[in-house]
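Participant: Questions regarding the structure given below will be posed in turn.
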Amino acid sequence: MSLRRLLLRLPRYLGVSGSPRRLWWSPFLDTVSSVGSWRCQSSRSPAHWNQVVSEAEKIVGYPTSFMSLRCLLSDELSNIAMQVRKLVGTQHPLLTTARGLVHESRHNLQLRGLVVLLISKAAGPSSMNASCQNYDMVSGIYSCQRSLAEITELIHTALLVHRGIVNLSELQSSDGPLKDMQFGNKIAILSGDFLLANACNGLALLQNTKVVELLASALMDLVQGVYHENSTSAKENHITEDIGISTWKEQTFLSHGALLAKSCQAAMELAKHDADVQDMAFQYGKHMAMSHKINSDLQPFIKEKTSDSITFNLNSAPVVLHQEFLGRDLWIKQIREAQEKGGLDYAKLRETIKAGKGVTSAIDLCRYHGNKALEALESFPPSEARSALENIVFAVTRFS
């Protein structure tokens, strides 16, 4: 049974029903010089994200949900799940994270593990080094590469859980009782640490020092990226720091691109591929993750039916680009014009941003990174796995 099927049972255990309240994480990007044209999508490329993922899963051998059953069914995690149930009825973000994993399939699919498996199969075994020939291989993928995909998802899920920790010093009366938030924080810390511990144990079992170094550095990048997100997030007056698009890209790579990029590189290292192949895998993971993040940032601005009450991140790609084109002074003026007594009028501000150049520039930037990912794939031989990786890029760079 895959993690996705287990997660689908989670609402019954937690008493969750209905659509979740959407969370928007703070993002962060190089200048938009020479965005380039978007490579034309093949007419045979699937238009819908779920179809792309479903076809890719068939190629790697089984549906992608990489958190191991040994981890999920352990006594420790069972105890945590029982404690999480006590949060039902509260407003702690840990419940929203659980709901998001179940309902928000477009943005929370376990994409990272799937990409690691696909690029492992696309590269195949090394022709220059025969030391891996005795490894177990299923559907063209080494068992150690499958373990790596699982570890990548464990780290990512642990980060999502840890991001649900509430800053108790900023609580308001509308957030609910303090004891609920304190209890939820304890569970978030405990469950996130448990997942990270399992990931570290899995890394040690791979017995590859370079892979351990790569994933350890990716984890360090994640922490640094989240720190930057928190330090540049909007204050009470909704005035964000003037980070610029270059800084945005640097910080977004740390918080959203490093894990996938370095996991793809590590998969090539496990198969004993040379430095050139490792670098191409790294480049694909980096640019694919950047495209995926920008696509996510664009959703509030390009959806045909958007609720007036939906919020969006003021440090997201379209907003940062809008601010850069507009200038700092005019941006602050627009923020103040959209402010009301009850807070910020996001519907009004969204229409203001859509009227500028930020949204179209973000679409161009998403396609630019998609093209870079496709260029990296050209070094891999044609195969079903490579086509699936290309289709994933097409899916996140398609906006019509």
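Participant: Please tell me if ALA362 is touching a helix residue (DSSP H, G or I) at 6+ places or on another chain (Cβ under 6 Å) and within 25 Å of SER126 (Cβ to Cβ). Show your work before the answer.
Facilitator: Details: touching a helix residue (DSSP H, G or I) at 6+ places or on another chain (Cβ under 6 Å): yes; within 25 Å of SER126 (Cβ to Cβ): no.
No; evaluated as a whole, the condition is false for this residue.
Participant: Now for a different question. Suppose the filter is modelled with pLDDT of 95 or more and surrounded by 16 or more Cβ atoms within 10 Å (Cβ to Cβ); does LEU270 pass it?
Facilitator: On the way: modelled with pLDDT of 95 or more: no; surrounded by 16 or more Cβ atoms within 10 Å (Cβ to Cβ): yes.
Criteria not met by LEU270.
Participant: Taking the options ILE302, ILE353, ILE335, name whichever one is out of contact with any helix residue (DSSP H, G or I) (no Cβ under 6 Å at 6 or more places or on another chain) and under 29 Å from PHE394 (Cβ atoms). It would help to see each step written out before you state the result.
Facilitator: Working: ILE353 fails: out of contact with any helix residue (DSSP H, G or I) (no Cβ under 6 Å at 6 or more places or on another chain); ILE335 fails: under 29 Å from PHE394 (Cβ atoms).
Result of the check over ILE302, ILE353, ILE335: ILE302.
Participant: How about the range 316-400: which helices (runs of 4 or more DSSP H) wholly inside it have at least 2 residues that are open to solvent by 80 Å² or more (accessible area, probe 1.4 Å) and at pLDDT below 95? Explain how you work it out, then say what you get.
Facilitator: Values: elements: 317-326, 328-337, 346-354, 358-377, 384-396.
Correct list: 317-326, 328-337, 346-354.
Participant: Looking at the range 206-223, is at least one residue part of a helix (DSSP H, G or I), closer than 30 Å to LEU344 by Cα and modelled with pLDDT of 90 or more?
Facilitator: Scanning the range 206-223, I find at least one residue that is part of a helix (DSSP H, G or I), closer than 30 Å to LEU344 by Cα and modelled with pLDDT of 90 or more, so the answer is yes.
Participant: State whether one or more residues within the range 171-184 are at pLDDT below 80 and either within 25 Å of LEU377 (Cα to Cα) or hydroxyl-bearing (Ser, Thr, Tyr) (or both).
Facilitator: yes
The values are calculated or read from the model by the stated rules, or taken from the named source; none is laboratory data. Values in this document were obtained by computation on a predicted structure and should not be read as measured data. Heads up, the Cβs are rebuilt from the backbone with ideal geometry, glycines too, and the neighbour counts pull from every protein chain shown. Keep in mind that these areas ignore ligands, DNA and RNA; they rest on the heavy atoms of the full protein, side chains included. Shrake-Rupley method; radii C 1.70, N 1.55, O 1.52, S 1.80 Å.
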